[in-house]
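For reference, the structure is listed below as structure tokens.
Since every read-out is calculated from the coordinates, none of them should be taken as a lab result. Owing to the predicted nature of the structure, the values given are computational and were not obtained by experimental measurement. Counting neighbours? That spans all protein chains shown, and the Cβs are built from the backbone with ideal geometry, glycine included.
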Amino acid sequence: MKKTFSLFFFLVLLATAGHAQSLTAKEMVNKSYNLFLGKSSFSIMTMTIVRPSWQRSISMQNWSMGEDYYLTYITAPARDKGEVFLKSKKNMWNFIPAINRMIKIPPSMMMQSWMGSDFTNNDLMKQNSIVTDYKHTFAGNEKLEGYDCAIINLEPLPEAAVVWGKIKMWIVKSNLITLKIEYYDTHGKLVKTETASQIKRMSGRLLPSHLEMTSSTKKGHKTVIDILHQEFDVKSITQGFFSIQNMRNIRPENL
């Protein structure tokens with residue numbers, strides 16, 4: 001019985017690996033990106049901003065629907081609690097309860113730091129840009145964290161309005177999880193690196209629960225995100241949830 005099970009498991013692994021190898025570079029990037037998507041999703045995260053002389057943590061809850069709608073509610077620390085960020089298609093807003101002010105974030109602010117972290121507003125707004133705005137080509141293979149990864153280069157399309165001159169991704173062949181992303185400027189200089197680890201099964205999917213964004217231009221600067229809770233295809237989340245009016249009224253989930 002054990003031999004039969006082992007043979008079956010081995011054949012499944014071969015089939016999975018073969019499927020990954022049959023995908024194009026763009027298909028691998030797209031499927032990896034879609035691992036964190038669903039018809040809708042809800043998550044709880046902590047973000048720790050690390051600097052040479054200090055660090056601070058921010059807790060948040062996030063709701064999404066497809067690629068076009070995201071809403072983030074800050075739950076801690078007290079000085080930031082209640083602050084809300086909304087992405088609705090190509091627009092982004094920020095509600096600051098301390099001054100009761102709603103701000104639409106203009107294109108000129110897209111490269112500014114989000115909440116003082118190493119992530120930018122542009123990172124939040126154009127996540128699917130890695131699929132639609134770049135040409136994808138295989139650039140070799142490498143083992144990371146014990147996983148066999150395909151290395152994929154992303155070069156911006158001529159007509160694409162993107163920030164990065166090149167992106168380099170390491171995607172696990174067996175499960176299509178992205179373990180590492182390098183972001184380069186238009187002069188070919190490495191600006192920052194994102195790594196993923198602590199892979200867990202969350203809401204039926206294997207996903208990394210620990211992410212780090214490390215600056216290559218500012219020594220000692222990095223941002224760590226830990227995913228504490230993740231749900232997909234939440235039926236109670238509808239498009240009407242992602243509205244400017246709801247930003248003032250939203251309340252955090254009690255789990």
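Which value in nm describes the separation of the simple spin-label points at S203 and K143, placed 7 Å from the Cα toward the beta carbon?
Result for the modelled spin labels: 3.4 nm.
Run the dipole for the range 24-247 about the Cα centre, Lys and Arg Cβ at +1, Asp and Glu Cβ at -1, nothing else charged, and hand back the magnitude in debye, nearest 20.
Once rounded to the nearest 20, the dipole reads 280 debye.
So between N249 and T217, what do we pick up on full extension, going 0.36 nm a residue minus the alpha carbon distance? Numbers along the way, then the final one.
Details: separation 32, 0.36 × 32 = 11.52 nm, distance 3.94 nm.
That pair, N249 and T217, stretches by 7.6 nm at full extension.
Counting alpha carbon pairs within less than 8 Å and at least 6 residues apart, what relative contact order, in whole percent, applies to the range 140-183?
33 percent
Can you give me the distance in nm between label points at N175 and N34, each placed 7 Å from the Cα along the Cα-to-Cβ direction?
Spacing of the two 7 Å Cα→Cβ label points: 1.9 nm.
7 Å from Cα along Cα→Cβ at both I99 and E155: what's the point-to-point distance in nm?
It is 4.5 nm.
Express the relative contact order of the chain as a whole percentage, based on alpha carbon pairs under 8 Å and six or more residues apart in sequence. Display every interim value, and only then the final one.
Values: 511 pairs, mean separation 52.8, N = 255.
Relative contact order, the chain: 21 percent.
Based solely on its DSSP helices, what 222 nm [θ] is calculated for the chain when runs of n ≥ 4 H residues each add -39,500 (n - 2.57) and the sum is averaged over all residues, nearest 500 deg cm²/dmol?
One gets -5000 deg cm²/dmol as the mean residue ellipticity at 222 nm.
Please find the FRET efficiency linking H229 to D185, where r is the Cβ-Cβ separation and R0 is fixed at 51 Å, and quote it to the nearest 0.05.
Taking R0 as 51 Å, the efficiency between H229 and D185 is 0.90.
Using just the Cα positions, wrap the chain in a convex hull and report its mean projected area in square nanometres, one decimal place.
16.2 nm²
Counting other Cβ atoms within 10 Å of each Cβ, which trypsin sites (Lys or Arg not before Pro) in the range 164-240 have at most 14 and sit in a DSSP loop?
K189, K218, K219, K235
Could you tell me which residue out of T72, S59, P106 lies farthest along the dipole of the chain toward its positive end? Charges go on the beta carbon: Lys and Arg +1, Asp and Glu -1, centred on the Cα centre.
Farthest along the dipole direction, towards plus: S59.
Remind me, relative contact order of the range 208-255 in percent, using alpha carbon pairs under 8 angstrom and six or more residues apart?
Normalised by residue count, the contact order of the range 208-255 is 26 percent.
Over 25 Å between C-alpha atoms is what I'm after, so list which of K168/K222; K90/K166; K31/K166; K31/K90; K104/K235 land there.
K104/K235
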